[in-house]
Amino acid sequence: MGQVKLPRISCYVLDFHIEPKSQYFSSKGVLTIKNDFSFEERNIPLLLHYGLSVKEIRHENNVGIKFTQEMISFPEYEELRVNYINICLDLTLKKNEELKLYIEYEGRLYGYSSVMRYVQDSISEEFSILRNDCIAYPIIAYPNYTSLMESCLKPIEYKISVSVPEEYTVGCGGILRNIESKANRKIFIYERSEPTILSHRFDICIAEYCLIRDEDMNLNIFASNKHKDAAETLVKYEVKRVYDYYTRMFGKYRENDYFTIIEVKEGYGSQAGDNYILMEEHAFNNNTDYTHLYHEIGHIWNPSVKLYHEQRSRFFDEAFASYFEVLAIKEFLGEEKAKEKMEEYRRQFIKNVNQNKKNFSIPICEYGRYEMGYNSYTKGPWLLYVLHEIVGDKKFFEIIRTFLNENKKKEVTFKDFEKSCEIISRLNLKKFFSQWLYGIESSSYLYEDFSVSVMVDMSL
Ligand SMILES: [Zn+2]
């Protein structure tokens, strides 16, 4: 069932009502469902966490829609139980057609920690979190792992409101549009509707957070009271100094952009989304290494990518962010630390090659076709490092700055990047790109532990 092409939810407009004391929540609103495929759809499979049940599904004109729901386990994991909802439409959804469905559901979350360690999502007085990992909001998929994963890769827009008792604050990765106060409750409104930036999920975190703002870079930090000091000083300082550094080197990239950091309880897993990160409690400690923030902030300077398989290669996001992190480490912590980081990337690449030879034999340009974009975190930054060594400091920053600036309102391709590099450096880089981007000579340079200067010689 995994490879079956299904319609997708292109937009979520949901109102959440959270009751931390009774560990309960309800949600209602409109899902926009789109069919990208040429066959007509009549049945739509929807998944929710097993603690949730659907009360109603209807058309916007209030006409009810028939559906069934049953608890069912994934064939791959017995413990992964879901509420499987089958919507029986009274019409067919044709190619490129959209359908808006009104849905109401409610219940509790019990996590899935026996299958996925970090997915402990629940509603509680101390800390609540609702994520797609826990299927806290509807996802169109069949009740099996492959189908669910395929769905989670599809881009979405969302506008959600979250109502909580007034002592609570809601953190989310979207743009915080408004906070309303009403009858001992607060309603937080978040939105993400930027077609050029792909979101795949939204995460809702609820606790008695303090909200630390920085107007300059439109930064929100949601931290627990005990970490207020660290958030206000160390975390904010690191985020701002790296943001300023990238702005200085690459130019201001997106107008009205924003960044959000949300503290999550220990054991719930740190993770990065578009323009936001969920950070576990320990990451607010004084003696913590904050360099992962350099990587995450670096993502603000990612261009939009034209072709799906080039985007999935993760070169223009993960290779860029991973190398930007090294540039920031060099700037703030010195050249030695930067070199250590590059060697860490190399070691990880070699480890991956030893586990699977395909990591060696698939060139960067093909990562997307094989879903091997994780190599863009290791070999990806080495491509940029060797390029940097070839063209020198001045030209390298000029290349990145010009490439990003010229493509602010366009979508880029590998060829565009190649062209920018050659025009600005005034060098013939055919051999370099054939070895690093389109070919695999570069894999052996890394594997055989060549120094960067030897790599430069071999690549020209
Ligand atoms: Zn990243």
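If you check Leu31, Leu48, Leu89, Leu101 for being at pLDDT below 95, open to solvent by less than 30 Å² (accessible area, probe 1.4 Å) and of a type in the set (A, V, I, L, M, F, W, C), only one passes: Leu89. Considering region 60-72, and only residues there that are surrounded by 15 or more Cβ atoms within 10 Å (Cβ to Cβ) and within 31 Å of the chain's Cα centre (by Cα), the residue that is nearest to Tyr145 (Cα to Cα) turns out to be Ile72.
Where helices (runs of 4 or more DSSP H) fall entirely within region 351-460, none has at least 1 residues that are on the phi > 0 side of the Ramachandran plot and surrounded by fewer than 16 Cβ atoms within 10 Å (Cβ to Cβ).
Scanning region 377-424 for residues being of a type outside the set (D, E, K, R), in contact (Cβ under 8 Å) with a residue 12 or more places away in the chain and over 18 Å from Val452 (Cα atoms) gives a total of 15.
In region 239-258, the residues that are on the phi > 0 side of the Ramachandran plot reach residues that are assigned to a helix (DSSP H, G or I) with C-beta atoms within less than 6 angstrom, at least six apart or across chains, in these pairs: Gly251/Arg401; Gly251/Asn405.
Checking each residue in region 138-169 for being among the β-branched types (Val, Ile, Thr) and either in the same structural domain as Arg312 (by TED's automatic domain parsing) or free of Cβ contacts under 8 Å to residues at least 60 places away in the same chain (or both) picks out only Thr169.
The residue that is farthest from the chain's Cα centre (by Cα), counting only those in region 273-299 that are open to solvent by 10 Å² or more (accessible area, probe 1.4 Å) and within 11 Å of the ligand (Cβ to nearest atom), is His292. Residues of region 155-186 that are among the aliphatic types (A, V, I, L, M) and open to solvent by 30 Å² or more (accessible area, probe 1.4 Å): Ile175, Leu176, Ile179, Ala183. Is it fair to say Leu6 is open to solvent by less than 20 Å² (accessible area, probe 1.4 Å) and more than 20 Å from Cys88 (Cβ to Cβ)? Taking the combined requirement at face value, the residue does not satisfy it. A single member of Phe320, Phe332 is touching a residue at least 40 places away in the same chain (Cβ under 8 Å), away from the ligand (no atom under 15 Å from the Cβ) and either of a type outside the set (S, T, N, Q) or open to solvent by 10 Å² or more (accessible area, probe 1.4 Å) (or both), and it is Phe332. Asp214 meets each of the listed conditions (1) at pLDDT below 95; (2) acidic (Asp, Glu); (3) assigned by TED's automatic domain parsing to the domain that holds Ser26; (4) farther than 24 Å from Ile57 by Cβ apart from (3).
The values are calculated or read from the model by the stated rules, or taken from the named source; none is laboratory data. Everything numeric in this text was worked out from a predicted model, so none of it was measured. Reconstructed Cβ throughout: ideal geometry from the backbone, glycine too, with neighbour counts over all protein chains shown. These accessible areas exclude ligands, DNA and RNA; they are computed on the full protein's heavy atoms, side chains included. Shrake-Rupley method; radii C 1.70, N 1.55, O 1.52, S 1.80 Å.
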